[in-house]
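Engineer: Dumping the structure here so I can ask a few things about it.
The values are calculated or read from the model by the stated rules, or taken from the named source; none is laboratory data. In this text, all values refer to a predicted model and were calculated from it rather than measured experimentally. Cβ placement follows ideal geometry from the backbone for every residue including glycine, while neighbour counts extend to all protein chains displayed.
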């Protein structure tokens, strides 16, 4: 009975559109894994919000304080301009955290998509695991969920990313740095 209630509350998109959204996310992951950052940036809206709040360990009676708000410190709080500057720095070879460049593999799963009432925006949730290897011995695994707002656009993959909120499963990220994109 509970599963039926959950299914009815989800405003599903048509199967063909859902497939296109999945292919967009898979292709985006491939661009990042193949270090095709300029091509990835072409999928990003000029007014993108790329945000990952800080996660806190809180008691079960205090769930509203598990994540930082917009005014607090965030792991990522980026714009198209700041993302472009990060990519340019990596491409110069002067980004110490990416020299030599990381080897990554992104696994994107559990994709769901809903459409706005106007039909223009899609809200897409997905889970991710990102494996990162750097130098000989640095191995990091990041896991979490993303909520993306995408819109159909005339890009080489058919969509443009307008907003991404990244929620890491880890409250304490043990990586020395996070220089990769999610």
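Engineer: Under 6 Å between Cβ atoms, which residue pairs at least 6 apart in sequence (or on different chains) link something in the range 101-119 that is under 11 Å from residue 29 (Cα atoms) with a partner that is assigned to a loop (DSSP other than H, G, I, E, B)?
Structural biologist: 104/180
Engineer: Have a look at 97, 82 and point out the one that is over 16 Å from residue 52 (Cα atoms) and not in a strand (DSSP E or B).
Structural biologist: Unique residue meeting the criteria: 97.
Engineer: Residues of the range 77-96 being modelled with pLDDT under 90 and surrounded by 15 or more Cβ atoms within 10 Å (Cβ to Cβ), which ones?
Structural biologist: 95
Engineer: Working carefully through the options 151, 139, 124, find the one that is over 26 Å from residue 23 (Cβ atoms) and either within 20 Å of the chain's Cα centre (by Cα) or assigned to a strand (DSSP E or B) (or both).
Structural biologist: Result: 139 is the single residue among 151, 139, 124 that is over 26 Å from residue 23 (Cβ atoms) and either within 20 Å of the chain's Cα centre (by Cα) or assigned to a strand (DSSP E or B) (or both).
Engineer: Residues that are touching a strand residue (DSSP E or B) at 6+ places or on another chain (Cβ under 7 Å), within 22 Å of residue 82 (Cα to Cα) and at pLDDT below 95: find the helices (runs of 4 or more DSSP H) completely inside the range 1-42 holding 3 or more of those.
Structural biologist: Helices (runs of 4 or more DSSP H) meeting the threshold: none at all.
Engineer: Specify which of the listed residues (31, 121) is closer than 15 Å to residue 161 by Cβ and buried (at least 17 other Cβ atoms within 10 Å of the Cβ).
Structural biologist: The match here is 31.
Engineer: What pairs can you find where one residue is in the range 123-139 and on the phi > 0 side of the Ramachandran plot, the other is outside any strand (DSSP E or B), and their Cβ atoms are less than 7 Å apart, with a gap of 6+ or different chains?
Structural biologist: The qualifying pairs do not exist here.
Engineer: Is there a residue being in a helix (DSSP H, G or I), touching a residue at least 60 places away in the same chain (Cβ under 8 Å) and either within 24 Å of residue 178 (Cα to Cα) or in contact with a strand residue (DSSP E or B) (Cβ under 8 Å, 6 or more places away or on another chain) (or both) anywhere in the range 51-68?
Structural biologist: no
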